[in-house]
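No lab work stands behind these numbers, since they all come straight from the coordinates. Note that this is a predicted model, so its numbers are computed, not measured. Ideal geometry is used to build each Cβ from the backbone, glycine not excepted, and the neighbour counts take in all protein chains shown.
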Amino acid sequence: MKTKLITVAVLAAASALTFSGCATNESTTAATGTLSGKGASSMKAAQEKWVADYQAKNAGVTVNYSPDGSSAGREAFAAGAVDFAGSDRPLKDEEMGAGKFKTCAADSNALNIPVYVSPIAVIYKLDGVDNLTLDANTVASIFTGKITKWNDAAIAATNPTAKLPALNITAVHRSDGSGTTNNFTDTLNQIAPTIWADKASDDWPAALGGEAAKGTSGVVQAVSSGTGTIGYADVSAAKNVSIAKLSVNGQTLSPDASAAAQILEQSSQIAGRATNDLAYKLNRTGNAYPAVLVSYAIVCQTYANPTQGGLVKSYLTYVTSTEGQQAAATAAGSAPLSSAIQTKVAAAISTIK
């Protein structure tokens, strides 16, 4: 089946969106200037809240965040077009290295700082079916195109009381390079390796077809406006659609923040990185809901412009604080960083120059 690109006017407008908060008399620092970021659309709601709250406390600073997708954010950061990137995966080893980032000092590497932890929801639109449970192999088979009808025996097996129609399944994926796609494909590879043999990828495998939509909002829009549709999106954006449960090791699990936090806690940092680089390889093979993402702020260890380095340090100090993490949890349903990881993050941010 050919991939169909779905253009969503609202998202196109949002690609240049500037999130701005109101200046108040509550400024807590003397910081002034403009800070620019671009990247993951998954944490759009969290960034909106962080920006508004930070600017309320720092009246002299304007923060702009454009939710154009993880790949766009990483590319813009490397090109020196933004001060930080938002990415739903850390930079790979081959993407790291001094001299590769025009935003940074010539001898500076980048850092991957976790700032946002959230479940990925499997979303669907199927009239008459309000509750749906899918096991790992079934989810993988749907997105590889091996299961094409909603009344397939594999779906019926985990939904014995549902009235499943003999309707074609339309699987929707991201058209743009996406960290959410990277995490979702990594999930399928870890929990259903016999069905989903491909490793994690920012780009949806072209051979699988399906329908494509730009950004998190685009996928949600495509699923919610369709019939018999299914897709994946950060749980904070899963509006006007139903959310499937996943059957994992005999348990029926829903996406929630506590599960996302558990996945990060059972995971390990990527070996061979600098002390201040906090990139994680997620372990999804336990008993927690496996489809989660960790979004990173990709920043410089040392900025070419020290003023911008100071602004990045100030902003991320708020974002990763207990107050900032709780604000994101309230606004987006994300999981606050654990105290142990929060301590590591604070130490890494303190070294930004």
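A few comments on the model shown:
- The chain, relative contact order in percent, only Cα pairs under 8 angstrom and at least six apart counted: 24 percent
- Close amide H partners of V63, meaning residues 5 or more places away or on another chain with modelled amide H under 5 Å apart, are G21, L35.
- Cα centroids of the range 48-108 and the range 173-237: 24 Å apart.
- Across the cross-link table entries K214/K353; K214/K281; K44/K125; K92/K245; K57/K353, which are compared at the Cα atoms, the separations over 29 Å belong to K214/K353; K92/K245.
- Taken about its Cα centre, the range 120-256 carries a charge dipole of about 260 debye when Lys and Arg each add +1 at the Cβ and Asp and Glu each add -1 at the Cβ.
- Cα-based shape type of the range 98-147, given that a ≥ b ≥ c are square roots of the gyration tensor eigenvalues and the cut on a/c is 1.5: prolate
- Of the residues W204, M96, G310, the one whose Cα sits farthest toward the positive end of the charge dipole of the chain, with +1 on the Cβ of Lys and Arg and -1 on the Cβ of Asp and Glu, is W204.
- Difference of contour (0.36 nm per residue) and Cα-Cα distance, Q269 to E95: 61.0 nm
- Order of L253, L282 under a 10 Å beta carbon neighbour criterion, fewest first: L253, L282
- Equivalent ellipsoid semi-axes - Cα gyration tensor, the range 120-256, angstrom: 20, 17, 14
- Taking the chain as a Gaussian network of alpha-carbon nodes connected by springs under 10 Å, the highest mean-square fluctuation of the residues V219, V299, V61 belongs to V61.
- Using the empirical formula 2.2 N^0.38 Å as the baseline, the Cα radius of gyration of the chain reaches a ratio of 0.98.
- Spin-label model distance (nm) - T317 vs S350, 7 Å beyond Cα toward Cβ: 1.1 nm
- Taking the number of Cβ atoms within 10 Å of each Cβ as an exposure proxy, the fewest-first ranking of T161, T227, T317 is T161, T227, T317.
- Net charge dipole, the chain: roughly 200 debye, given to the nearest 20, about the Cα centre with Cβ charges of +1 for Lys and Arg and -1 for Asp and Glu.
- Neighbour cut-off at most 13 other Cβ (10 Å), DSSP loop, trypsin sites (Lys or Arg not before Pro), the range 232-290: K239
- Across the alpha-carbon atoms of the range 259-353, the computed radius of gyration and Dmax are 14.2, 45 angstrom.
- Mean ellipticity per residue at 222 nm, deg cm²/dmol - from DSSP H runs of n ≥ 4 across the chain, formula -39500 (n - 2.57): -9500 deg cm²/dmol
- In this Cβ point-charge picture (+1 for Lys and Arg, -1 for Asp and Glu), the range 55-204 has a dipole of about 240 debye about its Cα centre.
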